[in-house]
Amino acid sequence: MSSYAREFLQFELDGQFYGVGTADVERVIPAVRPTRLPKTPAIVEGAINLRGAIIPVLDIRARFRLQPKPTALGDFLIVALAGERRVAIRADRVIGLVKIDRGEIHAAKSVFPTENQITDIATLPEGVVLLHDLRAFLTRAEDEALAEAMNAGAAGEPTASGPLASGAVLP
């Protein structure tokens with residue numbers, strides 16, 4: 001019996017495989033277009049209303065300098081914990097839960113010495129998977145700006161497309 005080093009949810013973005021630890025993943029839902037919030041960092045696409053909870057949507061494409069892409073039918077949102085904050089990240093495709101052997105995981109610092117958001121790199125038969133630490137996804141300044149914008153949105157201040165409370169509620 002093999003012991004596993006890590007279990008993660010694997011997803012795809014622009015043909016590249018990514019993963020987040022399953023311990024941090026709450027659910028996967030069909031994507032909806034997030035409502036833009038004023039004064040949020042560029043790394044935040046906007047926010048969604050998930051059963052009455054306002055969840056910021058983080059933009060992995062912006063973080064890794066990929067081409068922007070509007071929300072499309074067939075995209076997914078991965079709702080997860082980034083430390084104490086619930087967030088969502090958009091994926092083109094969710095592949096599923098994957099268990100990785102210790103020998104298939106390599107420290108990301110050897111390849112990406114300045115990239116804190118990627119903790120490890122896994123080598124799988126279908127390709128390389130970049131494993132994320134969502135707790136490190138936002139810089140301190142981005143996290144503070146997001147907290148301020150979320151507090152303003154919760155207080156009912158208008159957003160670019162109307163009050164956030166009037167947005168669609170997801171099941």
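The values are calculated or read from the model by the stated rules, or taken from the named source; none is laboratory data. Values in this document were obtained by computation on a predicted structure and should not be read as measured data. Because the Cβ atoms are built from the backbone with ideal geometry, glycine has one as well, and the counts that use them run over all protein chains shown.
Looking at Thr40, is it of a type in the set (Ser, Thr, Tyr) and either within 15 Å of Leu138 (Cα to Cα) or in contact with an Asp or Glu (Cβ under 7 Å, 6 or more places away or on another chain) (or both)? So Thr40 passes the test. The set of residues in region 67-92 being at negative phi, part of a loop (DSSP other than H, G, I, E, B) and not β-branched (Val, Ile, Thr) consists of Gln67, Pro68, Lys69, Pro70, Ala72, Leu73, Asp75, Glu84, Asp92.
Against the criterion of being free of Cβ contacts under 8 Å to residues at least 12 places away in the same chain and basic (Lys, Arg), Arg27 does not qualify. Residues of region 5-28 that are of a type outside the set (Asp, Glu), surrounded by fewer than 17 Cβ atoms within 10 Å (Cβ to Cβ) and over 13 Å from Leu97 (Cα atoms): Ala5, Gly15, Gln16.
Any residue that is closer than 24 Å to Pro30 by Cβ, part of a strand (DSSP E or B) and at pLDDT below 80 - is there at least one of those in region 127-138? Within region 127-138 (the criterion being closer than 24 Å to Pro30 by Cβ, part of a strand (DSSP E or B) and at pLDDT below 80), the answer is yes, since at least one residue qualifies. Against the test of being more than 30 Å from Gly46 (Cβ to Cβ) and either at pLDDT below 90 or more than 16 Å from the chain's Cα centre (by Cα) (or both), the options Arg102, Arg63 yield a single qualifying residue, Arg102. Being part of a loop (DSSP other than H, G, I, E, B), in contact with a strand residue (DSSP E or B) (Cβ under 9 Å, 6 or more places away or on another chain), touching a residue at least 60 places away in the same chain (Cβ under 8 Å) and under 24 Å from Glu144 (Cβ atoms) is a property that Pro56 lacks. Determine whether region 141-164 contains at least one residue that is farther than 20 Å from Leu13 by Cβ, modelled with pLDDT of 80 or more and of a type in the set (Val, Ile, Thr). No.
Here's the yes/no breakdown for (1) in contact with a helix residue (DSSP H, G or I) (Cβ under 9 Å, 6 or more places away or on another chain); (2) within 22 Å of Ala152 (Cβ to Cβ):
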| site | (1), (2) |
| --- | --- |
| Val32 | no, yes |
| Thr40 | yes, yes |
| Asp59 | no, yes |
| Gln67 | yes, no |
| Gly83 | yes, yes |
| Arg90 | yes, no |
| Asp101 | no, no |
| Thr139 | no, yes |
